[in-house]
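Undergrad: One structure follows; several queries about it will come next.
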Amino acid sequence: MAEAGPASPAADAAMAACLFALDPRGCGVLLRARPGPARDAWLALLRRLWPDNRPLRRVPVGIPDSRLLGGLDLAATLAAGRAVAERGVLAECDGGAIILAMAERLEPGTAARIARAIDEGEVVLERDGLTRRLPARFGVVALDEGLAEDEVVPRGLADRLAIHLALDEALLPTRMGETDLDAARALLPRVTADERAITALVSAGLALGIHTLRAPLHALAVARAAAALAGRSALAEDDIALAARLVLAPRATRLPAPPEGADNPEPEEPPPPPPEEDPTTETDPRPLDDLVLEAAKAAIPPDLLADLQAGLGARRGARSAGRLGAERKARRRGRPAGTRPGALRPGERLALVETIRVAAPWQRLRRAERPASGITPRVIVRREDIRLVRFKAPTERTAIFAVDASGSAALARLAEAKGAVEMLLSDCYVRRDTVALIAFRGSAAEIVLPPTNALARARRALAGLPGGGGTPLASALDLVGKLADQVARRGRTPIAVLLTDGRANVARDGTPGRPKAEEDALAAARQLRTQRLPAILIDTAPRPQPMAQRIAAEMGARYLALPYADAERLSRAVRAGMELHP
């Protein structure tokens, strides 16, 4: 039998493949990795461990429902002249597993249908008033190839996969030793878990900010499979710790709180000497809850750990749909997203297979209606059969940065803002977003950089941004609103990022004076709110300014006070805010 082995990322990756081969339904895997040697090695290990008598099918991202769930067998229907049903991929993989390629691009409907089949263990087909239920008990390996943070597998499907595994190019899973999976499968139904182990997994999940019941259930299934691999009929600490690393740690949204009194521990009286114990009885010096929590905390990736310490980890759950939620329907360009009925006009793309699929069941009746004389086509297609390719194009975003270049911002703060904006410009370029830059100083605001995705041009405009003068905040807010309206009219999604200390001292008409300038700034903020523009206001003052908070509240923006921020922290804060508005 195989032991859990040392707690190294490579060993855990190999163990994940072995656990999935043992119990595909209970130990589903979400594998986040780019195509490369590490992912190829993991998949090769899985195929080596996979039993020959069980199906393991790779499913493309654009699979139609008729092939996924079952539907019309086109070839048999055309040959027979009547509707002939076929089994779908999910029913064909009953007792086996599927590998979802590019799972981060799955349509929400497709992901929901797979999730339903996972829950129910069957697929339901309805045709001609009859309902057929086909068994579909399968495991899932979802390959997440997303490059950006907002390219993720749909939450409903990811939540049903127990093991969330991230592989980088330098991490090659170790080869497993001799593993008797047949014996482990026979032992698995007899593996028991006591109340102490279940309580430890649930407590660890709550301490890490995991508020779904599926997570401890997944962890329990993984721990039982690990015990079966090791030849144990009861869970051991190693099994529970492995489940915490593979299941709970990747789902963490916060760091566990320190124990009460950890900062100022009160002196305690020395404990009495322990009683003599039976040498055959094993004692655990630490509670199992602490062991499980430490194992999960040690497995949290370093980048995620930094985000959690900065208080930004909660945003991971908010980006479940990623930019998928910002997609819009497109008639002639974008990513294929199924078919739709319609007339075949110039520029439309015919979905030939789906058109024939719709027409096929009616061929016998249509041939009988045609006169005996004349040539009868092989397939008779009518107007109502026409199916056109439906496309879905992502809504592109434009980040509008409005930077306070006035004397109140100070040269050092302006330099930090420039550095943060340059980092964010690079992110926007990678995500194919466009950026615009507005600078306000002196008596008015101006567009330094119109919406563009030319990174070099943006950097040049940013480098030449001068500082000094008054703070025409109202003029800046007015200009942000006008530019956002232009961006929206072009079919893009505008997002405003305002970096200022809020100390307005130039009114809309360019005249100096703080009371009038602040009144105009608040009015401009209220007017901007009517546009429902997602916005973030970064207060760059050494201390949080009440006026900046009022302006953020009036414009409905998210307020972030970063008095000691450097360029890196500023950029991270803005990224977190932009993730809330995909």
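Undergrad: Say each of ARG214 and ARG190 gets a label point 7 Å from the Cα, pointing the same way as Cα to Cβ; how far apart are those two points in nm?
TA: 3.2 nm
Undergrad: Applying the Karplus parametrisation 6.51 cos²θ - 1.76 cosθ + 1.60 with θ = phi - 60° to the phi angles of the stretch 470-477, what ³J(HN,Hα) value in whole Hz is obtained for each residue in order, glycine and proline being reported as x?
TA: Each residue of the stretch 470-477 in turn: x, 10, x, 5, 4, 4, 5, 5 Hz.
Undergrad: Arrange ILE63, ILE538 by Cβ neighbour counts within 10 Å, fewest through most, would you?
TA: ILE63, ILE538
Undergrad: Tell me which residues come under 5 Å, amide H to amide H, from LEU100 once H is placed; ignore anything under 5 positions away on its chain.
TA: Hits under the 5 Å cutoff: VAL59, VAL141, ALA142, LEU143.
Undergrad: Rounded to whole Hz and in sequence order, give me ³J(HN,Hα) for the stretch 344-356 from the Karplus expression 6.51 cos²θ - 1.76 cosθ + 1.60, θ = phi - 60°, writing x for Gly and Pro.
TA: Each residue's phi maps through the Karplus curve to give 7, 10, x, x, 7, 10, 6, 8, 4, 5, 5, 4, 5 Hz.
Undergrad: Also, I was wondering about something else. Can you pull the one-decimal nm distance between simple spin-label points at ARG382 and GLU120, each 7 Å off the Cα toward Cβ?
TA: Between ARG382 and GLU120, the label points sit 3.2 nm apart.
Undergrad: What is the set of long-range amide H partners of LEU388 at a cut-off below 5 Å, with H atoms built 1.01 Å from backbone N?
TA: Amide H neighbours of LEU388: ARG340, GLY342, ALA351.
Undergrad: So for ARG459, ARG39, fewest C-beta neighbours within 10 Å to most, what's the order? Write out the running numbers ahead of the final one.
TA: On the way: ARG459 16, ARG39 20.
In increasing order of surrounding Cβ atoms, one gets ARG459, ARG39.
Undergrad: Is the stretch 347-392 rounded, prolate or oblate when judged by the Cα gyration tensor, a ≥ b ≥ c being the square roots of its eigenvalues, rounded requiring a/c under 1.5 and prolate requiring a/b larger than b/c?
TA: prolate
Undergrad: Give me the distance in nm between label points sitting 7 Å out from Cα along the Cα-to-Cβ direction at ASP289 and ARG543, one decimal.
TA: Distance between the two pseudo-spin positions: 4.2 nm.
Undergrad: Additional query: Run the dipole for the stretch 347-392 about the Cα centre, Lys and Arg Cβ at +1, Asp and Glu Cβ at -1, nothing else charged, and hand back the magnitude in debye, nearest 20. Let's see the in-between values first.
TA: Details: 12 positive and 5 negative charges, 19 e Å.
With Lys and Arg at +1 and Asp and Glu at -1, about 80 debye.
Undergrad: To continue, here is another question. Excluding VAL222 itself, what net charge comes from residues whose Cβ is under 9 Å from its Cβ, given Lys and Arg +1 and Asp and Glu -1?
TA: Combined, the nearby Lys, Arg, Asp and Glu give -1.
Undergrad: In which sequence would ILE210, ILE99 go, from the one with the fewest C-beta neighbours within 10 Å to the one with the most?
TA: Sorted ascending by nearby Cβ count, the order is ILE99, ILE210.
Undergrad: Search the structure for amide H atoms under 5 Å from the amide H of THR540, placed 1.01 Å from N in the peptide plane, and list their residues when 5 or more places away or on another chain.
TA: Sorted by chain and number, the residues that satisfy this are THR500, ASP501.
Undergrad: Sticking with this one: Subtracting the Cα-Cα distance from 0.36 nm times the residue separation, let me have the gained length for ARG364 to ALA456 in nm, one decimal. Before the final figure, lay out the partial values.
TA: Working: separation 92, 0.36 × 92 = 33.12 nm, distance 6.40 nm.
Between ARG364 and ALA456, full extension yields 26.7 nm more.
Undergrad: For ASP385, what charge total do you get from the other residues with a beta carbon under 12 Å from its beta carbon, if Lys and Arg give +1 and Asp and Glu give -1?
TA: +3
Every read-out reported here was derived from the displayed coordinates using simple, explicitly stated rules and does not represent laboratory data. The structure presented is a predicted model; accordingly, all values stated were derived computationally and were not measured. Here Cβ is always computed from backbone atoms with ideal geometry, including for glycine, and neighbour counts include all displayed protein chains.
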